[in-house]
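No lab work stands behind these numbers, since they all come straight from the coordinates. Keep in mind it's a predicted model, so treat the numbers as computed, not measured. Neighbour counts run over all protein chains shown; Cβ positions are idealised from the backbone, glycine included.
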Amino acid sequence: MTIEFSERIERVTPSATVAISNAASELEAEGVDVVDLSVGEPDFPTPENVIEAGKDAIDAGHTGYAPSPGVPELREAIAEKLRADDLDYGSENVLVTPGGKQALYELFQTLVDDGDEVVVLDPAWVSYEAMTKLAGGSLSRVDLAPHDFALEPALEDLAETVSDDTSLLVVNSPSNPTGSVYSDVALEGVRDLAVEHDITVISDEIYKEITYGTEATSLGSLAGMGERTITLNGFSKAYSMTGWRLGYFAGPEEVVDQAGKLHSHSVTCATHFVQYAGIEALRNTDEAVTEMRDAFEQRRDLLCDRFAEHGIDVPEPDGAFYLMLPVGEGGDDEDDQEWCERAIEEAHVATVPGSAFGTPGYARLSYAASAERLEEAVDRLAENGLL
Ligand code: PMP
Ligand code: GLU
C-alpha cells in the first residue's frame, strides 16, 4: 500500500543541526575521530546539585503526570527569574514544556494561521522556518549579514518588511547562529515597529545567560511590549541540561490558555521529576553558570584568534556559543554546503552550513567544545585547505 503523507509534513525537511550531529555520531560509531562543532550543546555535565534534585524527585515519587502547565513551584520560580529581568510575569503567565523547542512549536501553532506572515532576522535558527511552514505561515526574512549581524543598521530593512499584515516577529538575542546581542537602540526600534503595526513578538532568550562583557535586554521589558511579547527560554543551554528536555514560555495569560490546549492534547506536561531539577537550576547554580560562561568566552577568543592567524576576520560574537565562519568565495548556496561536506568528510570536523539558517557563504561552528578540540578543528581545517 502507499502511505499518503500530509501536505503539511511534506513542507519541511529534518532539522539540519540535528541531522548533521546525527551524521557526526554515525561516523564516530564507525571509529572516525570527529570534532563535532555542529550541534549547539554545552559539553559540561549538568551541575551536580541539579542532578541530585532530579534523583530526589524520583525518590519522592514525582513520577506521575504533573499539572499540565507545570509544577506550581517551578512556574513561580520561573516568574521570579523573569521579574528579576524586569519582565512583569506571575506564575499564571508561564507554561512549562519539554524543551524550548516544544514551547516554540506550540506558540507557532497557536499564533499563526494559513497564509499569515512571520518575520525572522537572518541568519535565523533553523527551526523557525520549519515551524512557520508547519503552521501554514509565510516567511519574510530580513538579512543581517551585510551588517556584520547587527540589528541596529538593519532597522530600515525591517521597517520595509513589516506591515499591518505581519502576524508574528521572532527576535533571538543572543542569536543562534551569529552570537549577536542586539543593542537597546535596536530593540527599541523593534518595539516601535511592533507597536505601530500591532505585531505579536516572540523573544527567544534561550542564550540570555551566556553573554560576554554585555547583557541581553529582554524585549518584553520595554515600554509597550509586555502585552505583545512572549518570552521563550529553557534549561538546555545555561544549565547544560539539553537531555532533560525542559523549557518554557511566558506571556499574556490568554496565550498560556490557548497554547495550553495544544499542550494538554499533545505532551500533557513536561516530565514531572525533571521540573524539580529545574527549580534547583533556577535557584542554586549561579556559580556553575558563571564558570561555563567564562569557559565559552575563552573558547570564543581562542577561535577568533586562530582564524585571524589564518587571515580570516570573523564577526566577534558577544553571546551564545556559535560563530559564523565565512567560507568559499562567491558566497552562493553550494559554496557553504560543499565546504561543510568537505569539512566533515576530509577534515572530520562537523559544522552546519549557513544556508540552513538562510545565509549562504558561512559555516556555523558551535564552540561548546574543549579548547583542545577547537585547536584540533582549526588545525584540521587548515591542513585540508579549508581555511
Ligand atoms: N531556540 C534556539 C535559538 C535554539 O538554538 C534552541 C536550541 N535547541 C532552542 C530554542 C530550543 O532548545 P531546547 O529545545 O533544547 O530547549
Ligand atoms: N539549537 C541547537 C542548535 O542549533 C540544538 C539543535 C537544535 O535544536 O537545532 O544546534
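Oblate is the label for the range 1-55. Its Cα gyration tensor axes, ordered a ≥ b ≥ c, give a/c of at least 1.5 and b/c at or above a/b.
When the charge dipole of the range 53-160 is built from unit charges on Cβ atoms (+1 for Lys and Arg, -1 for Asp and Glu) and taken about the Cα centre, the candidate among VAL71, PHE149, VAL119 whose Cα reaches farthest toward its positive end is VAL71.
Between the beta carbons of ASP192 and ASN284, assuming R0 = 51 Å, the FRET efficiency works out to 0.85 to the nearest 0.05.
Treat the count of other C-beta atoms within 10 Å as a stand-in for reagent exposure and order GLU253, GLU10 from fewest to most. Walk me through the intermediate numbers first.
Values: GLU253 13, GLU10 9.
Fewest-to-most Cβ neighbours within 10 Å comes out as GLU10, GLU253.
Each principal axis of the Cα cloud of the chain was evaluated for its coordinate range; sorted largest first, these ranges are 59, 55, 53 Å. Counted residue by residue at 0.36 nm each, then reduced by the alpha carbon distance between them, the extension gain from ARG11 to TYR65 reaches 16.1 nm.
Given a cut-off of under 8 Å on Cα pairs at least six residues apart, what relative contact order in percent is computed for the range 163-276?
On the way: 157 pairs, mean separation 23.7, N = 114.
Relative contact order here is 21 percent.
The stretch between ARG342 and GLU383 holds 13.5 nm of extra length on full extension. This uses 0.36 nm per residue minus the Cα-Cα distance.
Mean sequence separation of contacting Cα pairs (under 8 Å, at least six apart), scaled by the length of the range 29-116, corresponds to a relative contact order of 18 percent. Please list, by residue number, everything in the range 10-50 whose backbone N is under 15 Å from a paramagnetic label point 7 Å out along Cα→Cβ of GLU291. Under cut-off, by backbone N: 43-50.
Neighbour counts of other Cβ atoms within 10 Å put SER240, SER25 in the fewest-to-most order SER25, SER240. Can you find, among VAL201, SER221, HIS272, the residue sitting farthest towards the positive end of the charge dipole of the range 188-272, where Lys and Arg contribute +1 and Asp and Glu -1 at Cβ? So the residue furthest toward the plus end is HIS272. Using the Cα gyration tensor of the range 248-387, with a ≥ b ≥ c the square roots of its eigenvalues, what is the shape: rounded (a/c below 1.5), prolate (a/b larger than b/c) or oblate (neither)? Since a/c reaches 1.5 and a/b is larger than b/c, the shape of the range 248-387 is classed as prolate. Please state the shape class of the range 117-212: rounded when a/c is under 1.5, otherwise prolate if a/b exceeds b/c and oblate if not, all from the C-alpha gyration tensor. Because a/c hits 1.5 or more and a/b fails to exceed b/c, the range 117-212 counts as oblate. Fully extending the segment from GLU28 to LEU302 would add 96.1 nm, taking 0.36 nm per residue of separation and subtracting the current Cα-Cα distance. Can you give the longest stretch of the chain with no exposed loop site, where a site means chymotrypsin sites (Phe, Trp or Tyr not before Pro) in a DSSP loop (not H, G, I, E or B) with at most 10 other C-beta atoms within 10 Å? Longest site-free region, per DSSP loop and neighbour criteria: 66-387. Among the GluC sites (Glu not before Pro) in the range 317-387, those located in a DSSP loop and surrounded by at most 11 other Cβ atoms within 10 Å of their own Cβ are GLU329. The distance linking the range 1-46 with the range 222-257 is 25 Å (Cα centroid to Cα centroid, whole angstrom). Computing FRET efficiency as 1/(1 + (r/R0)^6) for VAL185 and ALA84, where r is the C-beta to C-beta distance and R0 is 22 Å, gives about 0.40.
Taking Cβ atoms as reference points and 14 Å as the exclusive limit, the residues near LEU107 contribute a net charge of -4, counting Lys and Arg as +1 and Asp and Glu as -1.
GNM remark for the chain: springs join alpha carbons under 10 Å apart, and the peak mean-square fluctuation among ALA238, ALA308, ALA270 falls on ALA308.
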